[in-house]
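The values are calculated or read from the model by the stated rules, or taken from the named source; none is laboratory data. Only a predicted model underlies this, so the values are computations on that prediction, with no experimental measurement involved. Here Cβ is always computed from backbone atoms with ideal geometry, including for glycine, and neighbour counts include all displayed protein chains. Ligands, DNA and RNA are stripped out before the accessible areas are found, and what is left, the full protein with its side chains, is counted by its heavy atoms. Shrake-Rupley method; radii C 1.70, N 1.55, O 1.52, S 1.80 Å.
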Amino acid sequence: VQLVESGGGLVQTGGSLRLSCAASGLTFSNYAMGWFRQAPGKEREFVTAISWSGGITYYADSVKGRFTISRDNARDTVYLQMNSLKPEDTAVYYCAANSRYGPPSKNEYEYHYWGQGTQVTVSS
């Protein structure tokens with residue numbers, strides 16, 4: 001199984017980025033997908049998650065209204081659209097897969113597969 005993130009980079013405060021996570025080696029439509037992030041010196045934290053069908057999404061309060069998760073099961077890809085970025089959004093962003101039906105999990109320990117991460121840096 002491989003999860004490959006892309007789309008990270010350097011952006012100014014208020015800017016936007018779109019992250020992608022391409023999956024292979026698994027039946028993508030059977031997996032809930034999540035995005036987590038880890039800032040320097042901090043614990044990894046939940047950002048957002050989407051159910052296998054895309055019908056249920058959850059967001060951390062810190063990103064609600066600014067970030068949008070979506071998925072394309074035909075392309076085996078999950079996306080994270082990030083708008084109105086703030087310096088505190090600076091982190092390595094990871095996508096993860098969880099073979100769970102129903103509501104997606106916010107708990108990183110329930111995710112089975114992880115990508116290598118992509119750096120997002122928001123300058124002030």
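Residue ranges 80-86, 14-20 sort as 80-86, 14-20 when ordered by packing (mean number of other C-beta atoms within 10 Å per residue, highest first). Residues whose amide H falls under 5 Å from that of I56, counting only those 5 or more places apart or on a different chain, are S51, with hydrogens built in the peptide plane. Each label was represented as a point 7 Å from its Cα along the Cα-to-Cβ direction; for V4 and Q116 these points are 0.9 nm apart. For the range 30-38, backbone phi angles converted through the Karplus equation (6.51, -1.76, 1.60; θ = phi - 60°) give residue-by-residue couplings of 8, 10, 6, 10, x, 10, 10, 9, 9 Hz, Gly and Pro being listed as x. With a Förster radius of 41 Å applied to the beta-carbon distance between L26 and K86, the computed FRET efficiency rounds to 0.80. The Cα center of the range 73-97 and the Cα center of the range 1-71 differ in position by 4 Å.
Test of understanding: what is the full-extension gain from S99 to T68, defined as 0.36 nm times their sequence separation minus their Cα-Cα distance? Walk me through the numbers before you get to the answer.
On the way: separation 31, 0.36 × 31 = 11.16 nm, distance 2.12 nm.
Additional length available on full extension: 9.0 nm.
At 1.4 Å probe size, with the rest of the protein present, what percent of the exposed accessible area of the chain is carbon and sulfur atoms? Each step should come with its number before you reach the end.
Working: 2790 of 6090 Å².
Answer for the chain: carbon and sulfur cover 46 percent of the accessible area.
Over the range 1-62, accessible surface divided per residue gives 50 Å², non-protein components excluded, 1.4 Å probe.
Calculate, for Y109 and A60, the FRET efficiency according to 1/(1 + (r/R0)^6) with r their C-beta to C-beta distance and R0 22 Å; round to the nearest 0.05. According to the calculation, E is roughly 0.85.
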